[in-house]
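Working notes, structure below.
The values are calculated or read from the model by the stated rules, or taken from the named source; none is laboratory data. Not measured: the values here are computed from a predicted model. Note that we place each Cβ from the backbone using ideal geometry, even for glycine, and neighbour counts take in every protein chain shown. For accessibility, only protein heavy atoms count, side chains too; no ligands or nucleic acids. Shrake-Rupley method; radii C 1.70, N 1.55, O 1.52, S 1.80 Å.
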Amino acid sequence: MERDDKLRIVLIDDHQLFREGVKRILSMEQNFDVVAEGNDGEEVLDLVRQNRPDVVLMDINMPNVNGMEATKTLVETFPDVKVLILSIHDDETYVTHVLKTGASGYLLKEMDTEALIEAVKVVGDGGAYIHPKVTHNLINEYRRLASDTGTETEIGFREVEYRRPLHLLTRRECEVLQLMTDGKSNRAIGEALYISEKTVKNHVSNILQKMSMNDRTQAVVEAIKNGWVKVN
């Protein structure tokens with residue numbers, strides 16, 4: 001997002017209590033403005049047309065028009081609007097289908113406050129965000145498919161000797177990068193390394209800057225390609 005005003009958000013979810021909780025969290029951010037909300041995908045086009053949001057935060061499972069159908073139509077009609085999908089499914093199949101519809105992000109409903117805010121910011125700034133747990137599953141699935149079909153080069157992963165990128169990152173940043181690859185959230189990384197979440201966030205920011213990456217997903221994929229992390 002290049003504008004100086006607030007990030008305009010439309011929230012679509014058929015569970016009112018969950019929607020209200022998400023809205024309350026988003027409203028705590030001074031640069032966020034939830035301009036409209038709805039309870040089904042069939043409402044999204046009218047809400048976007050009336051409110052011109054930057055980001056649509058949308059549930060994947062809704063009774064009439066689900067999130068995938070709504071995203072496809074929305075992206076075709078309003079290509080500048082970014083869609084961040086909310087889901088209970090961590091299966092990589094769901095993620096693949098969602099990304100094919102044109103969504104910019106995929107966030108599990110088990111996310112914490114920090115992950116929600118980070119995801120909206122990343123997507124609003126034109127980046128892509130995939131929940132760390134899903135990223136790990138997705139990468140493993142791509143590696144499995146590559147191994148089965150012998151198309152490692154086409155998919156982008158190749159067998160390389162594991163080596164820490166100490167020419168680029170500090171030892172602590174290497175540890176954080178590995179835990180990011182393992183699908184750990186900032187809180188889980190902090191617990192594993194006995195450091196605060198704030199310190200983890202600083203390390204993640206430094207890693208992205210040094211690797212010239214826009215988001216965690218890009219950094220993890222690049223690290224795997226270069227053999228900088230181990231993938232179990």
- Message: Just to check your reading of the model, which residue among Asn61, Asn66, Asn31 is open to solvent by 80 Å² or more (accessible area, probe 1.4 Å), under 21 Å from the mean Cα position of the chain (by Cα) and not aliphatic (A, V, I, L, M)?
- Response: Asn31
- Note on the structure: Residue set Lys201, Lys184; condition at pLDDT 85 or above and either out of contact with any strand residue (DSSP E or B) (no Cβ under 9 Å at 6 or more places or on another chain) or among the charged types (D, E, K, R) (or both); output residue Lys201
- Query: What helices (runs of 4 or more DSSP H) lie completely within segment 1-94 and have 1 or more residues being in contact (Cβ under 8 Å) with a residue 60 or more places away in the chain and aliphatic (A, V, I, L, M)?
  - Reply: 16-27
- Tally of residues being at pLDDT 85 or above and farther than 11 Å from Met180 by Cα across segment 214-232: 1
- So, of the residues in segment 38-64 that are among the charged types (D, E, K, R) and touching a Leu at 6+ places or on another chain (Cβ under 7 Å), which turns out to be modelled with the highest pLDDT? Asp54
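Residues checked against (1) among the basic types (Lys, Arg); (2) under 27 Å from Val229 (Cα atoms); (3) at pLDDT below 90:
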residue	(1), (2), (3)
Ile85	no, no, no
Thr93	no, yes, yes
Asp112	no, yes, yes
Ile130	no, yes, yes
Lys133	yes, yes, yes
Asn137	no, yes, yes
Glu141	no, yes, yes
- Note on the structure: By residue number, the members of segment 95-140 that are open to solvent by less than 30 Å² (accessible area, probe 1.4 Å), in a helix (DSSP H, G or I) and without any contact (Cβ under 8 Å) to a residue 40 or more places away in the chain are Val98, Thr101, Ala119
- Tell me which of these Ser147 doesn't satisfy, since it passes every other one: (1) within 30 Å of Val22 (Cβ to Cβ); (2) modelled with pLDDT under 90. (1)
- Query: Within segment 182-205, which residues are in contact with a Ser or Thr (Cβ under 8 Å, 6 or more places away or on another chain) and either assigned to a helix (DSSP H, G or I) or more than 21 Å from Gly127 (Cβ to Cβ) (or both)?
  - Reply: Gly190
